[in-house]
1. What are the extents of the Cα atoms of the stretch 237-357 along their three principal axes, listed from largest to smallest and rounded to whole Å?
2. Normalised by the number of residues in the stretch 70-207, what is the relative contact order in percent for Cα pairs under 8 Å and 6+ residues apart?
3. Around Ala490, which amide H atoms from residues at least 5 apart in sequence, or from another chain, sit under 5 Å from its own amide H, with H modelled in the peptide plane?
4. Given N residues in the stretch 419-527, what is its alpha carbon radius of gyration divided by 2.2 N^0.38 Å?
5. Which chymotrypsin sites (Phe, Trp or Tyr not before Pro) from the stretch 263-367 combine a DSSP loop assignment with at most 15 other Cβ atoms within 10 Å?
6. In the structure shown, do any of Lys443/Lys559; Lys304/Lys535; Lys565/Lys605; Lys559/Lys605 have a Cα-Cα gap over 19 Å, and if so which?
7. Please tell me the relative contact order of the stretch 545-633 in percent, rounded to the nearest whole number, where contacts are Cα pairs under 8 Å and at least six residues apart.
8. What are the DSSP H helices in the chain that stretch 15 Å or more along their long axis, judged by alpha-carbon atoms, and whose average Kyte-Doolittle hydropathy comes to at least 0.0?
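The values are calculated or read from the model by the stated rules, or taken from the named source; none is laboratory data. The structure displayed is predicted, hence computed values, not measured ones. Note that we place each Cβ from the backbone using ideal geometry, even for glycine, and neighbour counts take in every protein chain shown. Heads up: the accessible areas ignore ligands, DNA and RNA and are worked out on the full protein's heavy atoms, side chains in. Shrake-Rupley method; radii C 1.70, N 1.55, O 1.52, S 1.80 Å.
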Amino acid sequence: MSNRKSKIVIRPSSHYCPRVSTIVGIDLGTTRSAIAVVEAGMAGLLADAEGQRLLPSVVHYPKDGIPIVGWPALRQRALDPARTIYSVKRFIGQRAADVPEPERQVDYTLTGNSLAVKLGEETVSPEAVSAEILKSLKTRAELVLETEITRAVITVPAYFNDAQRQATKRAGERAGFTVERILNEPTAAALACGLEKLPEQARVAVYDLGGGTFDLSILELREGVFQVLATHGNTRLGGDDVDQRILDWLLEQIDGDADVTLRARVREAAEAAKVALSTETVTTIQLPFISGDTSFECVLTREKLEALAAPVIDQTRTHCRHALADAGVKAAELNQVILVGGQTRMPLVRRRVAEWFECAEYAETRGDIRLGDSFHEADGPTLNTSQNPDEAVALGAAIQGAILSGDITDMVLLDVTPLSLGLETFGGLMNVIIPRNTTVPTKAGEMFTNAVDGQRQMLVHVLQGEREKAVDNWSLGRFELESESAKRGAARVGVQFEIDADGILHVLARDTATGHEKVVEMKSAVDVDDTAVQKMVEESVEHAFEDMDARKWIEAALKAREAVKAGRGGLEDFAGELNNAEAITAALESVEAALETESDLPQLKAAVAKLDEATLPLADLMMDRAMEAVLRQRGMLD
Ligand code: AMP
């Protein structure tokens, strides 16, 4: 690894910037974290006293004394698994219900709805564990830069929801930082990778496969501005899953029950073998004295590893396809595919990505691409491996920090919303206020009215998702706004959604008559049904037709019920004066019968059309009476 690869020149030397940026960039990773800073116009990672640039995201809580972070904590993982916390990023800002049971299988104990970590009698929150990692990085930066560091940009996976972003921000604050920006990891990576090589207008895909998350983002660079056209991914897919497969394979061969300590040791050996097989074709796994004086030893070949890992890697393909479709971009139209995340060092990942994105001929005969190489052939995009995949995100965060602090002025960065945000409206439909993939920060609003006469409370139910029916989306929160009692349809309540630069949603609702308003920050995970985002998008595609039918039915049924109500009212008041009362009654009954089918739209439409026709004389009559009433009021009639 040459030192040069962890730094990129951001500005031409004529704009040379001599100082150290005051805002650092932090990649708070599932398995490893890193801190970077822009110095003299170059972004670079900050190493610890031993020269290590990556910090294992592991915290060990000794029975007595202060928490231990990083490498020494990692060494405790096998010795004291119950008090050694790893992969805590999977739990930050999450509730027990959000995380499926298999994901909660860690070597330490999680407790309660808030997924706190149990340490004997005490508990510690995932947020507090993350804060320890961030504190350690802060101390490192202060030692290297010999100055107090208080401002940071912290990255999160693009699919983190508001609660997870907020919790990450709070962890940063707990560590003593002012968190200037929560930045999406793929966007940060793109910032760090090969900007100077891109043409004026370019499109890149960022394939980010880390320890615990996967994201595929399509970004467009136009005159120095990055825009995320689409993002797709899975917050629970990564290198850890590959480790799990190797672990399962090894445990099959180890006789007897593996206790937690042994499992932790085997997992560590599995990961080490996986890493070794990125450069070797065969490796030996040795576990001395696994029980009594029995030791375990086995050979793992790259071929076997690839067979074990392929199902995990292949799961990323659907997301790639979806992101391309969402962005309306063909693989061949991309300039680059940037590989990010430690797991992309695996030759199998590189081969698969090159193949899927039609990068170029990636013949087996070429052998594996050497780390740090890029290759390019005539048509397809370049597979960009120019940055160390596990360093690019922190470097990009540092660049963003320098943009914010004014140390870099020739670049701007825009992020987008991963899912649509909207409100539940009458009839249980989703009314989108901010569509998916909108550039943030953003603000959008709409006027709503009351659905029933004299309604004094307006329910503001905030939803996130791609489905037509409110119930199929995630509920981010709900609150009530007092509104002035008004006739149905007369009240005016304005609702505004504002997503700030950190991707956090602020919802403002105001009754325009009274000026009464409420602003609610959607940061609580309590009401969030956190089904994976990609599942949401996939389901929306899968159910597109039936969703559309459901929307059409609900809208038609609402109209039909109104028509029935008006028709019945009119009939009661004017029955004696109508000569087609029977026809109206029959038409009303057939609308009601159609409504009872709860799905037969053509029948409902036909019945409503008939009712409209039958009620024409009634409508005329009502109009005449209304006119008469007005004229009488004005003294123009006897
Ligand atoms: P990240 O979250 O980006 O730090 O990625 C961490 C993941 O990358 C872990 O699952 C590591 O085991 C994996 N990883 C790191 N280095 C390698 C390597 N050389 N070959 C294969 N996987 C690796």
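1. Between the extreme Cα coordinates on each principal axis of the stretch 237-357 lie 60, 25, 19 Å.
2. This gives 20 percent for the stretch 70-207.
3. Asn450
4. The value comes to 1.03.
5. Listed in order of number, the matching sites amount to none.
6. Check vs 19 Å cut-off fails for Lys443/Lys559; Lys304/Lys535.
7. 34
8. 126-145, 260-276, 392-405, 581-597, 601-614, 616-633
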